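Okay, so here's the structure we're looking at.
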Amino acid sequence: MSRFAYVNGSYVPHREAAVHIEDRGYQFGDGVYEVVLLINGKMADCEGHLKRLNRSLFKLKMKSPLSEGALRQIMARLTRLNRLKTGIIYIQITRGVASRDHSFPKNSLASLVMTVKHVSLDTGRQLAGKSAITVPDQRWDRRDIKTIQLLPNCLAKQAASEKGAYEAIMVMPDGSVSEGSSSNVWILNKENQLITRQPDEDILNGITRQSIQRIAGERQMEIVERSFSVAEMMQAKEVFVTSATSMVTALTHIDGQKIDEGKVGLIASALKADYIKYVETCS
Ligand SMILES: Cc1ncc(COP(=O)(O)O)c(C=O)c1O
């Protein structure tokens, strides 16, 4: 089946989809993005993702080329054209095409690109956990803005892949965990507190993270937003990551060491099941 992409007003075959070489996304990484998960035709947390897209644009003094309603229409049409039922929708907005100059162009038109990808999600209960490594966090100081400049994240993920690990957990110079290369990190401590870092400029405030906070709250769990050290993480009963693509994924081994008994924990499994149920109610 042919794949289609959306590029600045047109739905085009994926292999022909292109932007200009002087697009500022290509030249400077001057753009923002979102990834929305689709499960059985339901867009998970679409409202939250579009809200964060607007926030990222605002922080970079960019304007959305289209309204939220128009973006939703394109997302829906692109998923229909690609007959996508379960997978991810990728949205990217850059400052557009302009002769190369670091300062912002006066009159460039933002470029909007959307693609979709089929992915087979493990929507059943997790049987096997994943492993992770820790790496130094080498990113800039505004990690709360979801920009397309992902080189440190790519380097971190590559380091994980080379060690056969699923995720790289990034560690700040003070020894605290910031987040995963493409996910937020959570720990469940021996007192059954669910701990995840406070959402400030040091991390991306994950949309999945926010839904999981709400879901865990509904389960009467104690949620604490604070930073935690690598040592505290290694002593946890459970460690898991959240993101649009991984939903809730248990980490059973970090840096070659077992977390607790090295098995997927009950809380991660339960939150994942609840999240999948919640997505069924999304529009
Ligand atoms: C660095 C980083 N942190 C956290 C997340 C999780 O965000 P979300 O739950 O909105 O997908 C992502 C997702 O791509 C990410 O790249």
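Odds and ends about this structure:
- Whole-percent carbon and sulfur share, accessible surface of region 1-107, 1.4 Å: 50
- Taking a straight line from the alpha carbon of Lys130, these lysines sit under 23 Å away, with near neighbours fewer than eight places off in the same chain left out: Lys117, Lys157, Lys163, Lys190, Lys237, Lys258, Lys263, Lys272, Lys277.
- Cut-off of 10 Å, at most 14 other beta carbons, DSSP loop: longest stretch of the chain lacking such GluC sites (Glu not before Pro): 23-190
- Entry note, region 4-118: relative contact order of 37 percent, from Cα contacts under 8 Å with a spacing of 6+ residues.
- MRE, 222 nm, helices only [DSSP H, n ≥ 4, -39500 (n - 2.57), over the chain, to nearest 500]: -8000 deg cm²/dmol
- Approximate spin-label separation Ile148-Glu47, in nm, with each point projected 7 Å along Cα-to-Cβ: 2.9
- Low-density loop positions, chymotrypsin sites (Phe, Trp or Tyr not before Pro), region 1-102 - DSSP coil, at most 14 other Cβ in 10 Å: none
- Rounded to the nearest 10 square angstrom, Ser111 shows an accessible area of 10 square angstrom against a 1.4 Å probe.
- Loop-located trypsin sites (Lys or Arg not before Pro) in region 78-149 (DSSP state other than H, G, I, E, B) with a sparse environment of at most 16 neighbouring Cβ atoms within 10 Å: Arg83, Lys85, Arg100, Lys106, Arg125, Arg142.
- Whole-Hz ³J(HN,Hα) from phi, Karplus 6.51 cos²θ - 1.76 cosθ + 1.60, for region 11-20, glycine and proline x: 9, 10, x, 3, 5, 9, 5, 7, 10, 5
- Full-extension gain in nm, Gln198 to Ala270, via 0.36 nm per residue minus C-alpha separation: 23.7 nm
- Inter-site label distance for Ala76 and Ala128 at 7 Å from Cα along Cβ, in nm: 3.9
- These residues, His14, His49, His102, go from largest to smallest accessible area, 1.4 Å probe, as His102, His14, His49.
- Solvent-accessible area per residue in region 79-202 equals 51 Å², computed with a 1.4 angstrom probe and all protein chains kept.
- Share of carbon and sulfur in the accessible heavy-atom surface of region 205-266 [1.4 Å probe, %]: 46
- For the chain, share of DSSP beta bridges that run antiparallel, in % to the nearest 5: 80
- Qualifying trypsin sites (Lys or Arg not before Pro) in region 152-218, where qualification requires a DSSP coil assignment and no more than 11 other C-beta atoms within 10 Å, comprise Lys190.
The values are calculated or read from the model by the stated rules, or taken from the named source; none is laboratory data. Given the structure is predicted, the values throughout are model-derived calculations rather than measurements. Cβ atoms come from the backbone with ideal geometry, glycine included; neighbour counts cover every protein chain shown. To get the accessible areas, we keep the full protein, side chains included, count just its heavy atoms, and leave off ligands, DNA and RNA. Shrake-Rupley method; radii C 1.70, N 1.55, O 1.52, S 1.80 Å.
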